[in-house]
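Worksheet: the structure to be examined is printed underneath.
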Amino acid sequence: MAADMDPTKRWTIHIRDTDEHYDCDAGQHLLKGMLQLGRKGIPSGCHGGGCGVCKIRIVSGEVETITMSRAHVSEEEQQQGYALACRCFPRSDVSLDVVGKMQKTVCKRRYGFV
Amino acid sequence: MGVMRIGHINIRVLDMPAALKHYEDVLGLIRTDEDSAGNVYLKGWDEWDKYSVMLSPADRAGMNHIAYKVENDADLDTLKKRIADYGTDVEEVPAGQLPYCGRALRFWLPSGHLMYLYAEKDFVGKSVGTTNPEPWPDGLKGAGAHWLDHALLMCELDPERGVNKVAEATKFMKEVLDFRLCEQVMVGPDGDIQAATWMARTSTPHDIAFVGGPKMGLHHCAFFLDEWNDVLKAADIMAKHKVKIDVTPQRHGITRGYTIYFFDPSGNRNETFAGLGYLSQPDMPVITWTEEELGRGIFYHTGELNEAFTTVYTEGA
Ligand code: FES
Ligand SMILES: [Fe+2]
């Protein structure tokens, strides 16, 4: 599907891991739309492209990205479709895999913080 | 004598205009200079040295270095020897290499964070001056933060591999730089693993903190506000500016501070920290938090660590 730059458009995003779909406006980042699913376990952190927890891989479709910390997505990875969901704005329907993971719940931490 | 206080933090930002909107319009810091490399220097209205925040344009978020100010130039000689005697490489850099500062010591903490010590920095003065000053200046933006208060550095902690950089950094700060341990978190089956520490040189509960995590990094840097009402107002300002808030106004059990955790536009965590907590003194006994009450230590009201606390942070070097 060709990229569409119209910022008012709404696109359908497919999370392949859970086979879920959600709608995301072109002016809203992919993570924000994903969080509106209201599901637990969605890797959400800084919303600034700095922490890397929201890492995804775009399998198909077009997104426009803004600055992402190279600590989490190298140029090579970016070419392979890796991105940070909080820095991607859809420009077509998108299909993605979730790559980043939040550390599991507190009870699994054996030493307080780790 | 020795280290007086936190001097500045050098933070990497991905988008300078967005960063400036945040640090100026939301936090209310004041821009004092900009250099040819694009670094921007800012200070709180209540600070007198030229800057406490140096923002550097970069393609990865995080901290480049943190700097503390010592009282006298001669302290640099004393501390240089002590750092070297401890077995840590230390380099003396000439005046000006650390921007707008005199000669400085440059060394890496055992946790892998880069630290500088300096005795002199260009003077700008408080916004209210020194003669019959008003209690606060007109025209402050956003939260109107007073000063850079402290930073929390994440240190690698993996007890099963025998790695505890929290303990190593704490030992260094105590034995070499004379920081006092005010509070600590002890974990593990025998409660003998030091998983987090809060240390001071001033009379506040902390000028630096170390917390164990999967890898080293910058957890947050914190800016001082007077009191609880200022914290609420700061949160309103953040909401207005659509700042990503991590933890809404709450109290820390540890240090007793009133806090908000939030992120700058590059994903570096900031904090507004209010209240003086308590008077910390050299003869104050160390406060210990146990693993069971650790959640309450960090977030006193919810009593639970949020998931982001030890997973979401930016690079520390
Ligand atoms: S949430 Fe931190 S990089 Fe996206
Ligand atoms: Fe803090």
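Here B:G257 meets the list (1) within 16 Å of ligand 1 (Cβ to nearest atom); (2) crowded, with 24+ Cβ neighbours inside 10 Å; (3) not polar (S, T, N, Q) almost entirely, failing just condition (1).
Would you confirm, using the coordinates I've provided, whether A:E64 is away from ligand 2 (no atom under 16 Å from the Cβ) and at the interface with chain B (Cβ under 10 Å from one of its Cβ atoms)? Criteria not met by A:E64.
Among the residues of the range B:43-100, those identified as in a loop (DSSP other than H, G, I, E, B) and within 28 Å of B:D226 (Cα to Cα) are B:G44, B:W45, B:D46, B:E47, B:W48, B:K50, B:Y51, B:S52, B:E71.
At least 1 residues that are farther than 30 Å from B:V70 by Cβ in each: list the strands (runs of 3 or more DSSP E) lying fully within the range B:192-262 that qualify.
Details: elements: B:193-200, B:208-213, B:217-225, B:245-251.
Fully inside the range B:192-262 and qualifying: B:193-200, B:245-251.
Here B:G212 clears all of (1) over 20 Å from B:W147 (Cα atoms); (2) more than 10 Å from every other protein chain (Cβ to nearest Cβ) except the condition numbered (2). Would a scan of the range A:34-56 turn up a residue that is part of a strand (DSSP E or B), away from every other protein chain (no Cβ under 14 Å) and surrounded by fewer than 18 Cβ atoms within 10 Å (Cβ to Cβ)? No, the range A:34-56 contains no residue that is part of a strand (DSSP E or B), away from every other protein chain (no Cβ under 14 Å) and surrounded by fewer than 18 Cβ atoms within 10 Å (Cβ to Cβ).
Return the residues of the range B:12-48 that are within 14 Å of another protein chain (Cβ to nearest Cβ) and out of contact with any helix residue (DSSP H, G or I) (no Cβ under 8 Å at 6 or more places or on another chain); say none if nothing qualifies.
B:R12, B:L14, B:D15, B:M16, B:P17, B:A18, B:A19, B:K21, B:H22, B:Y23
Count of the range A:51-95 residues, restricted to those that are away from ligand 1 (no atom under 16 Å from the Cβ) and polar (S, T, N, Q), is 5.
All conditions in (1) touching a Gly at 6+ places or on another chain (Cβ under 8 Å); (2) more than 14 Å from every other protein chain (Cβ to nearest Cβ); (3) among the small types (G, A, S); (4) within 27 Å of B:R12 (Cβ to Cβ) hold for A:S95, with the sole exception of (4).
Considering only residues that are basic (K, R) and away from ligand 1 (no atom under 16 Å from the Cβ), look in the range B:234-254 and name the one that is surrounded by the fewest Cβ atoms within 10 Å (Cβ to Cβ). Break it down into steps so the answer makes sense when it comes.
Of the residues in the range B:234-254, the ones basic (K, R) are B:240, B:242, B:244, B:251.
Subset that is away from ligand 1 (no atom under 16 Å from the Cβ): B:240, B:251.
Numbers: B:K240: 11, B:R251: 18.
Ranking the candidates gives B:K240 first.
With the requirement that a residue be on the phi > 0 side of the Ramachandran plot and buried (at least 20 other Cβ atoms within 10 Å of the Cβ), what does the range B:80-136 give you? Don't jump to the end; show me each part of the working.
In the first step, residues of the range B:80-136 are kept if they are on the phi > 0 side of the Ramachandran plot; the result is B:87, B:96, B:100, B:112, B:125, B:129, B:132.
Of everything in the range B:80-136, just one residue is on the phi > 0 side of the Ramachandran plot and buried (at least 20 other Cβ atoms within 10 Å of the Cβ), namely B:Y100.
Residue-by-condition table, conditions (1) away from chain A (no Cβ under 13 Å); (2) over 26 Å from B:G112 (Cβ atoms):
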position	(1), (2)
B:P135	yes, yes
B:G142	yes, yes
B:A145	yes, yes
B:L148	yes, no
B:L157	no, no
B:N164	no, no
B:F172	yes, no
B:I193	no, no
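Note on the range B:263-281: among residues that are in a strand (DSSP E or B) and within 14 Å of chain A (Cβ to nearest Cβ), the one that is nearest to B:H146 (Cα to Cα) is B:E271.
Read-outs throughout are calculated quantities, based only on the coordinates presented, and are distinct from any laboratory measurement. As the structure is a prediction and not an experimental result, all values here were calculated from the model. Because the Cβ atoms are built from the backbone with ideal geometry, glycine has one as well, and the counts that use them run over all protein chains shown.
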